[in-house]
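Working notes, structure below.
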Amino acid sequence: MISVVARNGQSGKTVPLLLKATAYPSDSYHSENNEIISAMSRVRQEVGNDHLWVIDRGGDHSRLWKHWLKHEYQVLVRVTKQRHWLWRNHALNAQAIAKQLPCKHQCSMRRGGGDKVKFGMTTVRIASAPDQPLTMIVIRHGRKEPMVLVSTRRAYGRRQGMALIHAYMDRWAVEEGYRFSKQGFGLEGVMARKLSTIKNLVAMMLLAWSFLVEQEPYACELKERGKADKLKSSRAKKKRRETPKSPRFPYYTILKGWQILFAQGKNAIAHWLRKPKQPTPQKQPTLPGLLLPTVWE
């Protein structure tokens, strides 16, 4: 599955842009890098290049970096130890740089507050494009190894560095989208064995999710129906008390509201869904010269 999800950092709204199922081997699949490049190019044609692409460690590939720098993508990637970066006349991997870089700045890990972390920024270059400076951010968040981010977008101060950190944490919108696809639409329960069938189901699911996004401003009553259904369970009540409210991903309650609405309207639309019963003639004994009427059930 390749998913592209847009996240508004100010409002927290999540919008699905692309969701694609692929498999190896198949005629349309060449490599993971090609699939990522194809998905990004397709979305870029529609939304432009003014947005920041946030990608996890799986996107730290040499071929991807070469494509992004050549076509001037604005990307932010969590990097691994698999490559050396040119830094202060040395070629070091990300963790080696992180050990030497002082973290002078401090900010919250997520938007809206939370635990404070220390971070530092520096300029690095990739060996295949030494003339293009990149921004590396090292975040010490209390774990064994610091988190290292590299972006083609330049950051020169604390606020710009903090904005990149918050942008990376917003990447969890993609994980929310995957979870919603599996739990909300039952994608994991699909028993289809043909790739073409799975692709059609994924496309229908993306269309349904887009419909929920479009109708979100008018779905207040559906939200209330979904919330009321959750309150019926004492287990859900306890979970609601323990976890803070998060209005940023309301599609679970909207989808539940639609389910309740359709369940209540079952009697109203049942006659549209049922096929009329066809009369079946009963066999009647016949006598020569006598025609008996046909009896219908």
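When the square roots of the Cα gyration tensor eigenvalues are ordered a ≥ b ≥ c, the ratio a/c for the stretch 86-227 is 1.5 or more and a/b exceeds b/c, which makes its shape prolate. Looking at the stretch 44-126 alone, DSSP beta bridges between its own residues are antiparallel in about 75 percent of cases. Taking every alpha-carbon pair in the stretch 98-150 and binning the separations at 10 Å intervals from zero gives 24, 47, 22, 7 percent. Between residue 45 and residue 8, the C-beta separation translates, for a Förster distance of 25 Å, into a calculated FRET efficiency of about 0.75.
The label point for residue 178 and the one for residue 160, both projected 7 Å from the Cα toward the Cβ, are 3.2 nm apart. Residues in the stretch 170-181 carry Karplus couplings, in order, of 5, 4, 5, 4, 5, 5, 4, x, 4, 5, 5, 4 Hz; the curve used is 6.51 cos²θ - 1.76 cosθ + 1.60 with θ = phi - 60°, and Gly or Pro positions show x. The residues neighbouring residue 103, those whose beta-carbon lies less than 10 Å from its own, together hold a net charge of +3 under the Lys/Arg +1, Asp/Glu -1 convention. Scaling against 2.2 N^0.38 Å puts the C-alpha radius of gyration of the stretch 74-165 at 1.03. The stretch between residue 153 and residue 93, if pulled fully straight at 0.36 nm per residue, gains 19.6 nm over its current Cα-Cα span. Take the alpha carbon atoms of the stretch 37-75, find their center, do the same for the stretch 141-177, and report the distance between the two centers in whole angstrom. If you average the Cα positions of each part, the centres end up 16 Å apart. For residue 18, the amide hydrogen comes within under 5 Å of the amide hydrogens of 4, counting only partners 5 or more places away or on other chains and with H modelled in the peptide plane. Electrostatic tally near residue 217: other residues with Cβ closer than 14 Å to its Cβ, Lys and Arg +1, Asp and Glu -1, net -1.
Laboratory data are not the source of any read-out in this text; all were calculated from the coordinates shown. Here the structure is a predicted model, which means the values were calculated and not measured. Neighbour counts are summed over all protein chains in view; Cβ atoms, including those assigned to glycine, are modelled from backbone coordinates with ideal geometry.
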